[in-house]
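Chemist: Before anything else, here's the structure in question.
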Amino acid sequence: MPSIKIILTEDHQLLRDGIKALIASENIEIVGEASTGEGLWKLMESVLPDIILMDISLPDISGIELTREMSERYPEVKVLILSMFTDESFINQAIKAGAKGYLHKNTTREEMLVAIDTVYSGSEFYSDNISKIILKSYIDKAKKNGEDNSNPHEILSKREIEILKMFAEGFINKEIADRLFISIRTVESHKNHIMQKLNLKTQVELVKYAIRHNLINI
């Protein structure tokens, strides 16, 4: 299995050293470190990572704005936010900017490694406390604005609904494939069809849809 190439973008050397120690693994390679947005762009001229671990507070630019620019210029590179901020506004801005995941800096080694593997595989990852903030925000808005009356059972096949539920509950592609005895490629194909049929763009929107239609319990 090829190593996952990562650039750390964090302005504190001590924290960068701690993160490197935390994620040390046979299949993870730190290919660069940056303490500023300018430093990250210079790195990108010589190395193309799979994932950028991105802090929000940088000295020369917001990590959210940097994520937005990165998503436009290097859409194949996935950004995983690692921040002390858990305000709803920061989380929503990061998601809109194109971040594929959001972790609080007090995360565990196990959770960070799962997040990296999940984002690398093409899915999104939000730590439990971040997911709760996102879902609470959505539920509050849904109650205020009313709900979509479309029926997923009229749009999706039985198998697609089953896979939708599993994605919404946090299972990744391999876990779904193992549970349903199908290939990962088949899971990805079903997911693409689901997203197209429901006109969804992100994993967060998929979870919101499942909640809105009572497909999962919260």
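Since every read-out is calculated from the coordinates, none of them should be taken as a lab result. Quick caveat: nothing in here was measured; it's all calculated off a predicted structure. Quick reminder, even Gly has a Cβ in these numbers, built from the backbone with ideal geometry, and neighbours come from all protein chains shown.
Chemist: Tell me the label-point distance for the pair Glu169, Val31, using the 7 Å Cα-to-Cβ offset, in nm and rounded to one decimal.
Modeler: Here the answer is 3.6 nm between the modelled labels.
Chemist: Another question, if that's okay. As a footprinting exposure proxy, order Thr186, Thr9, Thr118 by other Cβ within 10 Å, with the fewest listed first.
Modeler: Ranking Thr186, Thr9, Thr118 by Cβ neighbours within 10 Å, fewest first, gives Thr186, Thr118, Thr9.
Chemist: Structure shown: which of Lys20/Lys96; Lys105/Lys174; Lys158/Lys191; Lys96/Lys174 lie over 22 Å apart, alpha-carbon to alpha-carbon?
Modeler: Checking Cα-Cα distances, Lys20/Lys96; Lys105/Lys174; Lys96/Lys174 exceed 22 Å.
Chemist: For helix 203-212, what angle does its Cα long axis make with the longest principal axis of the chain, in degrees from 0 to 90 and rounded to 10?
Modeler: Once rounded, one gets 30 degrees.
Chemist: Quick one: dipole size for the range 147-212, taken about the Cα centre, charges +1 on Lys/Arg Cβ and -1 on Asp/Glu Cβ, in debye to the nearest 20.
Modeler: The dipole magnitude comes to about 160 debye.
Chemist: Go through (1) 52, 42, 31; (2) 50, 36, 31; (3) 49, 47, 27 and flag the label whose value is the computed Cα extents along the principal axes in Å for this structure.
Modeler: Calculated Cα extents along the principal axes in Å: the matching label is (1).
Chemist: Here's another thing I want to ask about it. On a full-extension model of 0.36 nm per residue, what is the gain between Asn199 and Ile216, subtracting their alpha-carbon distance, rounded to one decimal in nm?
Modeler: Gain on stretching Asn199 to Ile216: 4.2 nm.
Chemist: Once the dipole of the chain is set up with Lys and Arg at +1 and Asp and Glu at -1 on Cβ about the Cα centre, which of Ile130, Thr108, Thr202 lies farthest towards its positive end?
Modeler: Thr202
Chemist: What does the net charge come to around Gln13 if you take all other residues with beta carbon closer than 12 Å to its beta carbon, with K and R at +1 and D and E at -1?
Modeler: -2
Chemist: Between Asn192 and Ser157, what length comes free when the chain is fully extended (0.36 nm per residue of separation minus the Cα-Cα distance, one decimal in nm)?
Modeler: Answer, rounded to one decimal: 11.3 nm.
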